[in-house]
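J.: The structure is given below, and queries will be raised subsequently.
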Amino acid sequence: MAAAGAGEAFGVHGFIVILFAALLAAPLLRALDEPEPDAARVRSYYDDPIKVGIVLAMIWGVIGMAFGVWVAALLVWPDLTFDAAWASFGRLRPAHTTAVIFGFGGSALIATSYQVMQRTSRARLAGEFGPWFVLWGYQLFVILAVSGYLLGITQSKEYAEAEWYADLWLVVVWVAYFVLYMRTLARRSERHIYVANWYYLAFIVIVAVLHIVNNLALPVSLAGSQSYIVWSGVQDAMIQWWYGHNAVAFFLTAGFLGMLYYYLPKRAERPIYSYRLSILSFWGIVFFYVWAGSHHLHYTALPHWAQTLGMTFSVMLLVPSWATAANALLTLNGAWHKIRDDATLRFMMVAAIFYGLTTFEGSFLAIRGVNALSHYTDWTVAHVHAGALGWNAILIFGAVYSAVPVIWRRERMWSNRLVEWHFWLAVMGTAIYVYALWNAGITQGLMWRTYTDTGVLQYSFIESVLAMIPYYVARVAGGAAFLLGTLIGCFNIWMTIRQAPEAHLARDRPEGARDGKVPAE
């Protein structure tokens, strides 16, 4: 890549791959002469990849959220590009979404899945190399994607902007991830496969199908980054939003429900309110979600029946979604007193509430009549961030605060006061952001469809843009508050890691499974 793309952005990516491989080769080569791992290792959990995954997730979170605040500021102060092409809105925005969704969210999903699959299966991760290959291979994909956008490399597909060679590499990593998960489940000593694993596997399997189909492309040359998607016209639009909505469904919902179904009952020390309901909701979500993507294409060239199909399934999706949210909140019965004092549990409770609210809003926005007002406005951006901040990010923080003391064998987080500060900054930042853009979006939609008595539009487009400035300033403030909370969380995690392990905390081990409940740490 470096040689063939000399002088081009493709060549820069070649050098990035060389540097990445060299940095990872050093510790690998140093370990070649070490003795074979002790066979007794299977009697302990493999937590080192989890530790690295948590740290990488928080790093990507800071990077992605910083990009987000910058992008939000550009809409108020457009000169913040400093006349640099790489700092334009069109390049920073996909860098922001990819760093947050795939860097922050994806790394957190991999790290937590490593913990969940081991603890609920009472089995060590399969292999010594496989977990590291998946974790670091995935990081290479995210680095290629984010750096590519800043260099101008993109195939211009929402949430799938990475070009053909990065997409192919992700397929290799993702297949390894699936094989690792299945090998670990196959060696389980716990007979029952806990429901969190169902959600993680749905996330892995269906994201693979979505990624491959949506990114089928023919490269112009093997010595360059440019390619052409095999789909064209309205078929391309339909495939794109089948992918786009189901990326939300299975990357940002199914995987995170696996996270919720493990860490919430563990932290609350309560069994899931209804295990049967969790299974029924799983099948409802998996079946209904895959049909809903066409609601993104109301009032377009997509056939009317396909739009109606997507709208109908989107409304029906409210049933398993609310059943899941209710199941999570009812799990807290008998543990509500803990919410007052335990900010970590409060993170997860708020995430479940936002999940319920956001899924209701999504079904509502999918209705054709509502979509006529909301589409192309900032109401859609508010909806996305109610989910991304209030549901995904806040749940990640709760899961990380639960996992860090266990994985590093600490009594608790370094500072509970900082966890409280992080919680309130995250909630406040999310509320300011979402409320500002709800108002902005509804205002936009109404201004664009207001006519004078003579039948002409009352407001010009630029007038609607100027009306957005106060809301956009509020968005910057909300995003900055959320970023500040994340920085506080990173500091607290770092200080917790630096503490000496607690000698009286025995390392948990795989053996001893006796039933289908979530085992003790």
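Yes/no matrix, rows are residues, columns are (1) under 21 Å from residue 250 (Cα atoms); (2) among the basic types (Lys, Arg); (3) in a helix (DSSP H, G or I); (4) in contact with a Phe, Trp or Tyr (Cβ under 7 Å, 6 or more places away or on another chain):
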position	(1), (2), (3), (4)
59	no, no, yes, no
113	yes, no, yes, yes
127	no, no, no, no
138	yes, no, yes, no
150	no, no, yes, yes
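J.: Applying the selection to region 222-245, what residues are over 15 Å from residue 155 (Cβ atoms) and exposed (fewer than 13 other Cβ atoms within 10 Å of the Cβ)?
T.: Keep residues of region 222-245 that are over 15 Å from residue 155 (Cβ atoms), which gives 222-223, 233-235, 238, 241-242, 245.
Matches in region 222-245: 222, 233, 235.
Residues checked against (1) out of contact with any helix residue (DSSP H, G or I) (no Cβ under 6 Å at 6 or more places or on another chain); (2) open to solvent by less than 60 Å² (accessible area, probe 1.4 Å); (3) under 26 Å from residue 481 (Cα atoms):
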position: 42; (1), (2), (3): yes, no, no
position: 50; (1), (2), (3): no, yes, no
position: 73; (1), (2), (3): no, yes, yes
position: 91; (1), (2), (3): no, no, yes
position: 117; (1), (2), (3): no, yes, no
position: 128; (1), (2), (3): yes, yes, no
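J.: If we keep just the residues of region 5-39 that are assigned to a helix (DSSP H, G or I) and at pLDDT below 90, which is most open to solvent (accessible area, probe 1.4 Å)? First the steps, then the outcome.
T.: First, the residues of region 5-39 that are assigned to a helix (DSSP H, G or I): 9-30, 39.
Now drop any that are not at pLDDT below 90, which leaves 26-30, 39.
Details: 26: 45, 27: 62, 28: 93, 29: 112, 30: 173, 39: 76 Å².
This residue is 30.
J.: Provide a single number: the residues in region 406-431 that are more than 30 Å from residue 475 (Cα to Cα) and more than 22 Å from the chain's Cα centre (by Cα). Spell out how you get there, then give the answer.
T.: Residues of region 406-431 that are more than 30 Å from residue 475 (Cα to Cα), as a first pass: 406-414.
Applying the additional criterion that residues be more than 22 Å from the chain's Cα centre (by Cα) yields 406, 408-414.
So the answer is 8.
J.: Among 187, 191, which is in contact with a helix residue (DSSP H, G or I) (Cβ under 9 Å, 6 or more places away or on another chain) and of a type in the set (Lys, Arg)? If you could, list the steps in order and put the result at the bottom.
T.: On the way: 191 fails: in contact with a helix residue (DSSP H, G or I) (Cβ under 9 Å, 6 or more places away or on another chain).
The unique qualifying residue is 187.
J.: Would you please list the contacts, defined by Cβ atoms under 6 Å and residues six or more apart or on different chains, that run from a residue in region 392-403 that is modelled with pLDDT of 95 or more to a residue that is of a type in the set (Phe, Trp, Tyr)?
T.: 392/256; 394/347; 395/256; 397/347; 398/347; 399/263; 402/263
J.: Moving to a separate point now. Among the numbered criteria (1) surrounded by 19 or more Cβ atoms within 10 Å (Cβ to Cβ); (2) part of a helix (DSSP H, G or I); (3) of a type in the set (A, V, I, L, M, F, W, C), which single criterion is violated by residue 123?
T.: For residue 123, the failing item is (2).
J.: May I pose another question? Considering each of 188, 267, 276 in turn, give the residue that is open to solvent by 40 Å² or more (accessible area, probe 1.4 Å) and within 24 Å of the chain's Cα centre (by Cα).
T.: Numbers: 188 fails: within 24 Å of the chain's Cα centre (by Cα); 276 fails: within 24 Å of the chain's Cα centre (by Cα).
Matching residue, one of 188, 267, 276: 267.
J.: Among the residues in region 162-171, are any in contact with a helix residue (DSSP H, G or I) (Cβ under 8 Å, 6 or more places away or on another chain), surrounded by fewer than 21 Cβ atoms within 10 Å (Cβ to Cβ) and closer than 22 Å to residue 123 by Cα?
T.: Within region 162-171 (the criterion being in contact with a helix residue (DSSP H, G or I) (Cβ under 8 Å, 6 or more places away or on another chain), surrounded by fewer than 21 Cβ atoms within 10 Å (Cβ to Cβ) and closer than 22 Å to residue 123 by Cα), the answer is no, since none of the residues qualifies.
J.: Quick test for you: out of 380, 358, 324, pick the one residue that is closer than 27 Å to residue 266 by Cβ and open to solvent by 10 Å² or more (accessible area, probe 1.4 Å). Steps first, please.
T.: Working: 380 fails: closer than 27 Å to residue 266 by Cβ; 324 fails: open to solvent by 10 Å² or more (accessible area, probe 1.4 Å).
Checking each option against the conditions leaves just 358.
J.: Still on this structure: Mind listing whichever residues of region 449-469 are open to solvent by 80 Å² or more (accessible area, probe 1.4 Å), of a type in the set (A, V, I, L, M) and under 16 Å from residue 376 (Cα atoms)?
T.: Hit for region 449-469 is 462, nothing else.
J.: Considering each of 111, 66, 2 in turn, give the residue that is farther than 25 Å from residue 201 by Cβ and modelled with pLDDT of 95 or more. So that I can check it myself, show each step before the final result.
T.: Details: 111 fails: farther than 25 Å from residue 201 by Cβ; 2 fails: modelled with pLDDT of 95 or more.
The conditions single out 66.
J.: Let me ask something additional. Only one residue in 67, 104 is under 30 Å from residue 469 (Cα atoms), open to solvent by less than 10 Å² (accessible area, probe 1.4 Å) and touching a residue at least 24 places away in the same chain (Cβ under 8 Å), so which one is that?
T.: Working: 67 fails: open to solvent by less than 10 Å² (accessible area, probe 1.4 Å).
Just a single option satisfies the conditions, and that option is 104.
J.: Cβ contacts < 9 Å: first residue farther than 18 Å from residue 363 by Cβ and in a helix (DSSP H, G or I), restricted to region 236-261; second residue of a type in the set (Lys, Arg) and open to solvent by less than 20 Å² (accessible area, probe 1.4 Å), any location; separation 6+ or different chain. Result?
T.: What qualifies is 236/157; 240/157; 243/157.
J.: Checking residue 285 against (1) surrounded by fewer than 22 Cβ atoms within 10 Å (Cβ to Cβ); (2) part of a helix (DSSP H, G or I); (3) among the aliphatic types (A, V, I, L, M): exactly one of these is not met. Which one?
T.: Just one mismatch for residue 285, condition (1).
J.: For residue 398, indicate whether it is part of a helix (DSSP H, G or I), out of contact with any helix residue (DSSP H, G or I) (no Cβ under 9 Å at 6 or more places or on another chain) and not aromatic (Phe, Trp, Tyr).
T.: On the way: part of a helix (DSSP H, G or I): yes; out of contact with any helix residue (DSSP H, G or I) (no Cβ under 9 Å at 6 or more places or on another chain): no; not aromatic (Phe, Trp, Tyr): yes.
Judged against the criteria, residue 398 is not a match.
J.: Now for a separate question. For residue 366, indicate whether it is in contact with a His (Cβ under 8 Å, 6 or more places away or on another chain) and surrounded by fewer than 23 Cβ atoms within 10 Å (Cβ to Cβ).
T.: Values: in contact with a His (Cβ under 8 Å, 6 or more places away or on another chain): yes; surrounded by fewer than 23 Cβ atoms within 10 Å (Cβ to Cβ): no.
Against the criterion (in contact with a His (Cβ under 8 Å, 6 or more places away or on another chain) and surrounded by fewer than 23 Cβ atoms within 10 Å (Cβ to Cβ)), residue 366 does not qualify.
J.: In addition: Please give the number of the condition residue 437 fails out of (1) out of contact with any Asp or Glu (no Cβ under 6 Å at 6 or more places or on another chain); (2) open to solvent by less than 10 Å² (accessible area, probe 1.4 Å); (3) of a type in the set (A, V, I, L, M, F, W, C).
T.: Single failed check for residue 437: (1).
J.: In region 310-358, which residues are touching a residue at least 24 places away in the same chain (Cβ under 8 Å), charged (D, E, K, R) and part of a helix (DSSP H, G or I)?
T.: Scanning region 310-358 gives 338, 346.
J.: Something else: Given the conditions (1) modelled with pLDDT under 95; (2) open to solvent by less than 10 Å² (accessible area, probe 1.4 Å), and given that residue 84 satisfies all but one, which numbered condition is not satisfied?
T.: (2)
The values are calculated or read from the model by the stated rules, or taken from the named source; none is laboratory data. Just so you know, these numbers come straight off a predicted model, no measurement behind them. Note: ideal-geometry Cβ built from the backbone for every residue, glycine included; neighbour counts use all protein chains shown. These accessible areas exclude ligands, DNA and RNA; they are computed on the full protein's heavy atoms, side chains included. Shrake-Rupley method; radii C 1.70, N 1.55, O 1.52, S 1.80 Å.
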